[in-house]
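Scroll down for the structure; my scribbles are underneath it.
The values are calculated or read from the model by the stated rules, or taken from the named source; none is laboratory data. This is a predicted model, so every value here is computed, not measured. With ideal geometry, Cβ positions are generated from the backbone for all residues, glycine too; neighbour counts draw on all protein chains shown.
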Amino acid sequence: MRIIDLHYPKDYDLVLFGDNHYGNRLWHEKGFAKCLDFIKGSRRRRAIHMGDATEAITWADNRFDITIHRITPNQQRDGMIDFLQPVKNKIDVMLLGNHEYKLWKYGNLTDDICKALTNRKHEVKYGTLSCVIRIFDDIGLQFKMFLHHGFGRVASQAKDFEQKQGNIKASLKNKLKPFFSDVLISAMGHTHRSIIVPPTEEQLYLYINEKGSLKQGYIELGENANFIDPDKRYFINTGSFLKLLDPEPDAHGVFAVGYGELAGYQPIDLGFINIEVRNRRIKSVQKIKV
């Protein structure tokens, strides 16, 4: 895990995107292109990649499928470098994904991509599997984030749709809240879900003041506190660009069957997350669908 310091202005957008799985025939290339266009669309936008940029599955992997995996990991790495060239000066950090980690004994595909995109004007920092980001401006510290590529699943067995959404959000929050008490944002990728758990609004508490009087207050957002109440943090799952089903056959009439379809995963939104910061404070966190 790394601690990474970034210097931003008081007004900016920060895009969290990843799990594009380049090299898998089911990757949503048009959606990924829309994400890159969004990043390029404003001078104030910055970006962090959350890992699994490449599929990184070889013939020796039991997940290998010749109808899906038709280029080598090295070709995937080089292809992703080409895709990211137009936004190389906007990507500040790139995390290692579990797919790239599977090929660790052959080299570090993610670090290779970071180094290839780094130039004299800008460094794309290698964030390892997880990192704490400290965001500063000319005044000082704005807030901190904990970023992890991700692990496990966020799921619910509830039959009611609204209850299921609540359980899924609670599952994500419970996964991430034990890590670092002083971060305002905890985010992960990996599950391919787009989830935003915002701070709880107007949570009331009672206290006795120094004069012995009963008072009430509301828990406030704590950007720089050593302990930020979990109910006053953001918990985010950053989405993906990997389609569940193959909508059309290849030139030989073959439909690809991905591991999501084999596992019976339910349809989920494809896309990424945009964090709006205005006057040093988080204004909104948006789910962008592609």
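Considering the stretch 102-118 alone, what residues qualify as being surrounded by fewer than 17 Cβ atoms within 10 Å (Cβ to Cβ) and either part of a helix (DSSP H, G or I) or in contact with a helix residue (DSSP H, G or I) (Cβ under 6 Å, 6 or more places away or on another chain) (or both)?
Scanning the stretch 102-118 gives Trp104, Lys105, Tyr106, Asp111, Lys115.
Kindly provide the set of residues from the stretch 31-58 that are in contact with a helix residue (DSSP H, G or I) (Cβ under 9 Å, 6 or more places away or on another chain), among the β-branched types (Val, Ile, Thr) and at pLDDT 95 or above, ordered by number.
Ile39, Thr54
List, please: which pairs have Cβ atoms under 6 Å, are six or more places apart or on different chains, and start with a residue in the stretch 152-163 that is free of Cβ contacts under 8 Å to residues at least 24 places away in the same chain and end with one that is assigned to a helix (DSSP H, G or I)?
Matching pairs, first to second residue: Ser156/Lys164; Ser156/Asn167; Ser156/Ile168; Ala158/Lys164; Ala158/Asn167.
Taking strands (runs of 3 or more DSSP E) that fall entirely within the stretch 122-241, which contain at least 2 residues that are within 25 Å of Met1 (Cα to Cα)?
Hits in the stretch 122-241: 130-136, 141-148, 185-188, 194-197, 234-238.
Where the second residue is charged (D, E, K, R) and part of a strand (DSSP E or B) and the first is more than 10 Å from Gln142 (Cα to Cα) and modelled with pLDDT of 95 or more and lies in the stretch 272-283, which pairs have Cβ atoms under 6 Å and are six or more apart or on separate chains?
Qualifying pairs under 6 Å: Asn274/Asp13; Glu276/Asp13; Glu276/Lys283.
Given (1) within 24 Å of Ile273 (Cβ to Cβ); (2) touching an Asp or Glu at 6+ places or on another chain (Cβ under 8 Å), where does Lys102 come up short, assuming only one miss?
Single failed check for Lys102: (1).
Residue check: is Lys173 without any contact (Cβ under 8 Å) to a residue 40 or more places away in the chain and either touching a Gly at 6+ places or on another chain (Cβ under 6 Å) or charged (D, E, K, R) (or both)?
Criteria not met by Lys173.
For the stretch 14-51, name all the residues that are among the basic types (Lys, Arg) and in contact with a Lys or Arg (Cβ under 8 Å, 6 or more places away or on another chain). Outline the logic, then answer.
First, the residues of the stretch 14-51 that are among the basic types (Lys, Arg): 25, 30, 34, 40, 43-46.
Matches in the stretch 14-51: Arg25, Lys40, Arg45, Arg46.
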